[in-house]
Amino acid sequence: MTDLLGPLLVAGTALVVTAAVAAVLPALLLRAHLLDTPGSRSSHSAPTPRGGGIAVVAGVAAAAVVAALWQGATGTPGSPGAGTTDAVPVGWLVLLLAAGAGAGAVGLVDDVRGVRPLHRALAQLLVGAGVGVALVVALDVSWVWVPVAALATAAYVNAVNFMDGLNTMTGLHATTAGLAYALAGWLQHRANGDDTLWLVGAGLVVAAAGAAFLPFNGLGGGPARMFLGDVGSYAVGAMIALLAGAGFLTGLPVELAVAPLTVWLADTAHTLTLRMAAGERWYLPHRTHAYQRLTDAGWSHRQVAMAASGATLLAVAVAVAVADAALVWRLLGAVGLVLVGGLWVKLPAWLGHPSPWGKVARARRRR
């Protein structure tokens with residue numbers, strides 16, 4: 001069994017540093033006038049500092065530094081590439097930080113002064129392309145993965161940003177997804193010897209940073225002291241996208257790579273598809289995601305976030321059960337993931353709050 005001392009050390013560093021920075025950030029954000037003022041589409045009722053994602057990025061940066069010191073003390077390898085067998089992979093943590101900080105920087109500019117949608121999309125694609133180039137060089141895979149990484153990173157950054165509308169929603173997602181990738185990486189390495197052990201340290205770091213932010217984001221059920229802001233949702237989205245994509249390229253079965261993303265992708269894809277079919281401009285703010293309609297049904301922010309994480313864990317359990325099984329079981333597992341996503345997007349309708357865009361889209365098709 002993998003020695004967990006190193007991974008726990010770097011994850012603990014991310015936890016402590018994220019919490020320490022988050023403790024002082026609200027006052028600084030207030031002084032900088034970085035406030036999220038509630039509007040008709042908001043899920044909060046009082047002006048709240050935004051930009052807490054700075055603490056998450058700081059926690060990941062500190063973890064990368066400690067990982068480098070650990071590597072120097074133990075002499076263990078950890079750079080991205082074939083043969084990575086250490087669970088405290090310095091190179092992977094640096095790449096994780098680069099993805100999070102790069103996307104987070106775009107989000108910070110958006111928080112401070114706003115960015116036009118086209119410019120924002122181009123910047124996100126550039127960050128994703130940079131990650132793709134690093135993966136191609138490190139893993140010696142086809143250059144076709146560069147545009148794939150660019151599109152996938154930008155897509156998931158926006159998915160997390162769209163879903164970052166309730167207290168604890170994104171922090172719990174980072175925690176759940178990080179733990180899921182850490183477990184998947186360890187299981188896959190133990191079962192087949194694949195080069196996925198790096199996911200243990202990297203996944204635990206993302207999970208720890210997300211968990212450390214939760215007490216400042218309304219975990220106790222009261223109002224949030226601050227929000228992640230675009231800097232946080234962009235950073236978390238890019239880091240989870242890296243765990244998924246690089247995990248797949250180093251040996252994770254596709255169902256294990258996709259499972260932690262299932263709920264977020266299903267909610268985003270379902271809502272955007274219906275809005276576009278209804279003739280809406282999909283990129284404008286709204287309150288019609290499944291998770292938002294669950295609050296309309298009377299669920300609290302914390303209940304919705306926990307339900308989303310619970311559905312994510314169900315998807316991960318399905319993926320773990322069929323990983324490396326016969327093809328027929330893996331196909332059934334894929335169906336299971338689709339069902340989990342479908343159950344999530346249908347849940348608000350079962351509670352009496354269907355998407356308003358479905359009826360509009362059907363009316364347009366009958367014209």
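Would you check if there is a residue in the stretch 244-261 being surrounded by fewer than 21 Cβ atoms within 10 Å (Cβ to Cβ) and over 23 Å from VAL146 (Cβ atoms)? No - not one qualifying residue is present in the stretch 244-261. Given the criteria in a loop (DSSP other than H, G, I, E, B), of a type in the set (A, V, I, L, M, F, W, C), over 23 Å from ALA174 (Cβ atoms) and out of contact with any Asp or Glu (no Cβ under 6 Å at 6 or more places or on another chain), does TRP282 qualify? Answer is yes for this residue. Entry remark, the stretch 38-77: residues being in contact with an Asp or Glu (Cβ under 9 Å, 6 or more places away or on another chain) and either closer than 26 Å to ASN217 by Cβ or at pLDDT 95 or above (or both) number 8 in total.
Scan the stretch 240-297 for residues that are polar (S, T, N, Q) and within 22 Å of ALA311 (Cβ to Cβ) and jot them down.
Applying the first criterion (polar (S, T, N, Q)) to the stretch 240-297 yields 250, 262, 268, 271, 273, 288, 292, 295.
Of everything in the stretch 240-297, those that are polar (S, T, N, Q) and within 22 Å of ALA311 (Cβ to Cβ) turn out to be THR262, THR268, THR271, THR273, THR288, GLN292, THR295.
Per this entry, ALA19 is counted among residues that are within 30 Å of LEU294 (Cα to Cα), at pLDDT 85 or above and assigned to a helix (DSSP H, G or I).
Number of residues in the stretch 160-181 that are over 15 Å from GLY53 (Cα atoms) and either surrounded by fewer than 24 Cβ atoms within 10 Å (Cβ to Cβ) or hydroxyl-bearing (Ser, Thr, Tyr) (or both): the value is 4. Scanning the stretch 196-215 for residues that are modelled with pLDDT under 95 and either within 14 Å of the chain's Cα centre (by Cα) or of a type in the set (Phe, Trp, Tyr) (or both) gives a single hit, TRP198.
Need at least 2 residues that are among the β-branched types (Val, Ile, Thr), within 27 Å of VAL136 (Cβ to Cβ) and not assigned by TED's automatic domain parsing to the domain that holds THR312 per element, so show me which helices (runs of 4 or more DSSP H) inside the stretch 197-262 make the cut, counting only ones lying wholly within it.
Those helices (runs of 4 or more DSSP H) span 198-213, 229-249.
Condition check: part of a helix (DSSP H, G or I), modelled with pLDDT of 90 or more, hydrophobic (A, V, I, L, M, F, W, C) and closer than 20 Å to VAL90 by Cα. Does LEU187 satisfy that? Walk me through it before giving the result.
Values: part of a helix (DSSP H, G or I): yes; modelled with pLDDT of 90 or more: yes; hydrophobic (A, V, I, L, M, F, W, C): yes; closer than 20 Å to VAL90 by Cα: no.
No; evaluated as a whole, the condition is false for this residue.
Cβ-Cβ contacts under 7 Å between residues 6 or more apart (or on different chains), taken from a first residue in the stretch 80-95 that is over 16 Å from GLY203 (Cβ atoms) to a second residue that is modelled with pLDDT of 60 or more and of a type outside the set (A, V, I, L, M), are listed as ALA82/ASP195; GLY83/ASP195.
Of VAL338, VAL304, all but one fail to be assigned to a helix (DSSP H, G or I), surrounded by 17 or more Cβ atoms within 10 Å (Cβ to Cβ) and either aliphatic (A, V, I, L, M) or at pLDDT 95 or above (or both); the exception is VAL304.
The values are calculated or read from the model by the stated rules, or taken from the named source; none is laboratory data. From a predicted model like this one, the values you see are computed outputs, not experimental measurements. Using ideal geometry, Cβ is built from the backbone for each residue, glycine included, and neighbour counts are taken over all protein chains shown.
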